[in-house]
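Everything below concerns the one structure shown next.
The values are calculated or read from the model by the stated rules, or taken from the named source; none is laboratory data. Source: prediction; values computed, not measured. Positions of Cβ are backbone-derived with ideal geometry, glycine not excepted, and every protein chain shown enters the neighbour counts. Ligands, DNA and RNA are stripped out before the accessible areas are found, and what is left, the full protein with its side chains, is counted by its heavy atoms. Shrake-Rupley method; radii C 1.70, N 1.55, O 1.52, S 1.80 Å.
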Amino acid sequence: MEEGKRYNSFVGYYKKKYGERLQKLVIDAGFTCPNRDGTVGRGGCSYCDNAAFHPSYSRPDKPISRQIDEGVEFHRVRYPRAQKYLAYFQSYSNTYAPLEHLKRLYGEALSHPAICGIVIGTRPDCVDEEKLDYIASLPGINRLELGIESCYDTTLERIGRGHDFACAERAVRLSAECGIETGAHFILGLPGETREMLLEQCRLINALPLHSVKFHQLQLVRGTKMEKEFEQSPAEFLRLSLPDYIDLMVDILERLRPDLYIERIAGEVPPRFVKETQWGLIRNVEILRLLDARLEERDTFQGRLYE
């Protein structure tokens, strides 16, 4: 673990392996999803509004090279010491296209002088061996981020994912067999899931050959199906105060494999996308500080209860 940390920080991993911070630049390459275009469904996942999760410079009407240029300028203000960047194909499912189309888009990003690698966000049902072999062959730093969201099929069906957990397991194992560093994304607080279920989920996560994990609290974005579902059945949702959420994250970290890197423990959505900011206008850096303090108070660490 990074010196002074009680969990495996993903930022620390990059610094240790490459000697410096690597900053992601979000790219919107105009992809869609199979549960939006009618292949497995329409309307998308019940919680989703992609506009709430990416910056203003990232728009599909701009060439990828321009998004990168504007992204570099955007991040120079917040992270002036960052010198190397990763093109983060984030919006929707970024392997949901023919291989030749992917080659053109990924190639354009990798040809930019500021870019040292790419990160590809996608769904488990949008990868296959041919695409993964190609991603594994790319030069530089290349990672895959799979939106798994939950390990429970009842939840996946309820939120309209259009795939089951077995599909996610296959995708993770196939990408690992291809030698690709793979991360997974999970949402904490989806309808019907209890605190006990979220802790039991750690056992299923540990069994996957993942390199990193990313957790977000459920955020009820305006206009989504989930916002309406919450209004109708609020008792079905686990809504935690910030101190209770921090304690839940400590409990989760204690149960996770000690070699897993923790990329994120909470998410931020601009206030205009939600009716209320559940914890006020707190930033992720402060949430991480609270996590460090709570781990210290409880004198515990990632993997303490891992079996």
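Every condition in (1) open to solvent by 30 Å² or more (accessible area, probe 1.4 Å); (2) assigned to a loop (DSSP other than H, G, I, E, B); (3) more than 26 Å from Arg143 (Cβ to Cβ) is met by Lys228 except one, and the failing one is (2). A count restricted to region 97-118 and to residues that are open to solvent by 30 Å² or more (accessible area, probe 1.4 Å) and in contact with a strand residue (DSSP E or B) (Cβ under 7 Å, 6 or more places away or on another chain) stands at 2.
Only one of the numbered conditions (1) under 15 Å from the mean Cα position of the chain (by Cα); (2) over 28 Å from Asp69 (Cβ atoms) is violated by Val119, and that is (2).
Filtering region 156-171 to residues that are open to solvent by 40 Å² or more (accessible area, probe 1.4 Å) and more than 25 Å from Tyr261 (Cβ to Cβ) leaves Glu157, Arg158, Gly162, Asp164. Residue check: is Ala87 closer than 15 Å to Lys24 by Cα, in contact with a strand residue (DSSP E or B) (Cβ under 6 Å, 6 or more places away or on another chain), of a type in the set (A, V, I, L, M) and open to solvent by 20 Å² or more (accessible area, probe 1.4 Å)? Answer is no for this residue.
Looking only at residues of region 250-280 that are farther than 24 Å from Thr182 by Cα and in contact with a helix residue (DSSP H, G or I) (Cβ under 7 Å, 6 or more places away or on another chain), we find that the one that is surrounded by the fewest Cβ atoms within 10 Å (Cβ to Cβ) is Pro270. Out of all the residues in region 177-192, is one or more in a strand (DSSP E or B), within 24 Å of Ser137 (Cβ to Cβ), out of contact with any Pro (no Cβ under 7 Å at 6 or more places or on another chain) and open to solvent by 40 Å² or more (accessible area, probe 1.4 Å)? Within region 177-192 (the criterion being in a strand (DSSP E or B), within 24 Å of Ser137 (Cβ to Cβ), out of contact with any Pro (no Cβ under 7 Å at 6 or more places or on another chain) and open to solvent by 40 Å² or more (accessible area, probe 1.4 Å)), the answer is yes, since at least one residue qualifies. Do you know which of the residues in region 1-34 that are in a loop (DSSP other than H, G, I, E, B) and open to solvent by 60 Å² or more (accessible area, probe 1.4 Å) is nearest to Val72 (Cα to Cα)? Checking each candidate, the answer is Arg21.
One line per residue, one yes/no per condition, for (1) part of a helix (DSSP H, G or I); (2) touching a residue at least 60 places away in the same chain (Cβ under 8 Å); (3) open to solvent by 20 Å² or more (accessible area, probe 1.4 Å):
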{"position": "Arg203", "(1), (2), (3)": "yes, no, yes"}
{"position": "Phe215", "(1), (2), (3)": "no, no, no"}
{"position": "Leu238", "(1), (2), (3)": "no, no, yes"}
{"position": "Leu248", "(1), (2), (3)": "yes, yes, no"}
{"position": "Arg289", "(1), (2), (3)": "yes, no, yes"}
{"position": "Leu295", "(1), (2), (3)": "yes, yes, no"}
{"position": "Gln302", "(1), (2), (3)": "no, yes, no"}
{"position": "Glu307", "(1), (2), (3)": "no, no, yes"}
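Against the test of being β-branched (Val, Ile, Thr), at pLDDT 90 or above and touching a Phe, Trp or Tyr at 6+ places or on another chain (Cβ under 6 Å), the options Val26, Val72 yield a single qualifying residue, Val26. Inside region 32-69, residues that are at pLDDT below 80, in contact with a helix residue (DSSP H, G or I) (Cβ under 7 Å, 6 or more places away or on another chain) and farther than 18 Å from Ser93 by Cα make up a count of 1. So, in region 136-172, exactly how many residues are within 16 Å of the chain's Cα centre (by Cα) and over 23 Å from Glu196 (Cα atoms)? The total comes to 7. Going through region 37-70 one residue at a time, which ones are closer than 16 Å to Arg123 by Cα, assigned to a loop (DSSP other than H, G, I, E, B) and open to solvent by 70 Å² or more (accessible area, probe 1.4 Å)? Passing the criteria: Thr39, Val40. Taking the listed residues Asp153, Asp125, Asp133, the one that is open to solvent by 10 Å² or more (accessible area, probe 1.4 Å) and touching a residue at least 60 places away in the same chain (Cβ under 8 Å) is Asp125, with no other qualifying.
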